[in-house]
1. In Å, what is the Rg of the alpha-carbon atoms in the chain, and how long is Dmax?
2. When only C-alpha pairs under 8 Å and at least 6 residues apart count, what is the relative contact order of the chain, in percent?
3. What trypsin sites (Lys or Arg not before Pro) does the stretch 257-343 have in DSSP loop regions with at most 12 other beta carbons within 10 Å?
4. Remind me, relative contact order of the stretch 110-238 in percent, using alpha carbon pairs under 8 angstrom and six or more residues apart?
5. Per DSSP helix of 4 or more residues, -39500 (n - 2.57); summed, then divided by the residues of the chain. What does that give at 222 nm, rounded to the nearest 500?
6. Given the options GLY118, ILE42, GLY78, identify the residue whose Cα lies farthest towards the positive end of the charge dipole of the chain (+1 on Cβ of Lys, Arg; -1 on Cβ of Asp, Glu).
7. For LYS172, list the lysines whose Cα falls under 16 Å from its own Cα; do not include residues on the same chain fewer than 8 positions away.
8. Kindly state, to the nearest 0.05, the FRET efficiency for SER236 paired with PHE286, given R0 = 22 Å and r defined as their beta-carbon distance.
Amino acid sequence: MGRAAVLTGPKTLEIQRFPLRGIRPDEILVKVEACGICGTDIHCYNSDPFGLAPVVLGHEGTGEVMQVGSEVKMDSVGKPVQVGDKIVTSILENSQECMIAKYNPLKSNLCDDLKVYGLLPDEPDNHFNGYFGEYLIIRPGSSFFVVNDMSLELRCLIEPAAVVCHAYQRAKDVGMRLNFRARVVVQGCGPIGLLMIAVLRTAGVNNIIAIDGNPDRLKLAAELGADETLNYKDYSGIDDLAAKVESLTKGVGAHAGFQVTGVPQAFANLFKCIRRGGGICEVGHFVDGGECSINPHQDICRKEITVTGSWVYNSFEYPNAYHFLQRAERIGLPVASLVTHKFPLDRIQDAFDVNLRQEGVKVVVEA
């Protein structure tokens, strides 16, 4: 038997006990150690927008291997896997019927049938499909990685780190200037925004401007590599804030901006902070937050702004995220300090309440 926190409906979490079935030859049984609460978990908690309830949420997790199926020999990068290893996993590989994955594997993250642990429907014989439980059964077709040399905190950050590594690469792929002398705005200093700042600093960007309304998060942004921190509440409006950004970027605006708030109006506002010939990467809208208005002439056409979106990540970007976190620590960025709260599984409601009040940064539930 094992326990799991089941979302039975909007704003309703219940600790339930389930029988733990035996694993099959192509599966792995993991004893969950911890999992971070993601913004997607919060959206699911608030309104169950994907209609998954009853469901065990949690995809920013890690745990220890308890059993390895006889057919499983290595992780997704060729490391041997055995009982006692610390591992992370999130994505299941896409079905062979997906035309996007078939003809462009580098875009498999855009498949309509993308499957993520913690966002999988409950099954009659397996209720351990998310990390907010005591166990997780890794099924065939999953990408998973042995990460024995990482702390618990860093292991819980690999999944969100993959999100920002993917966004960084998306911006580079469309030609945004992200070199040593680039001036870059990161709008929003939640967990993803703060990791975005750390990625940029680790990659060598030396002029980063962080924008948020929370002084504590702006302080952490500076510790993670932001050269300037702007509290938008100190300005009369977007024109006033954009003028400040211009004053910090030789009077012409930033080369690039990453929008990481999930607030539609923030996306519209960011155009005012970008120079002619610059670019914007939209990272924050993982759920439909509504619409906003922009001026196609003023905001895009006359400035030749490049706009790109970033959606989740591909499984092969987990190793990239792993190496980013290690590199960030080596150069002195306190990425592990993003984990500010830890709660046992029995207190998962308290963990969600802290997250909803936006206290701290990354809230972790420990099994």
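Since every read-out is calculated from the coordinates, none of them should be taken as a lab result. Quick caveat, the model's predicted, so the values are computed rather than measured. Positions of Cβ are generated from backbone atoms using ideal geometry, with glycine treated the same way; all protein chains shown enter the neighbour counts.
1. In order Rg, Dmax, the Cα atoms of the chain give 20.7, 64 Å.
2. Normalised by residue count, the contact order of the chain is 17 percent.
3. Details: sites: LYS272, ARG275, ARG276, ARG302, LYS303, ARG327, ARG330, LYS342; in loops: ARG302, LYS303.
Taking the stretch 257-343 and a limit of 12 other Cβ atoms within 10 Å, the loop trypsin sites (Lys or Arg not before Pro) found are ARG302.
4. Here the relative contact order equals 15 percent.
5. On the way: 9 runs with 97 residues, N = 367.
Roughly -8000 deg cm²/dmol at 222 nm, from the helical runs in the chain.
6. GLY78
7. Partners found: LYS107.
8. Working from the Cβ atoms, E equals 0.10.
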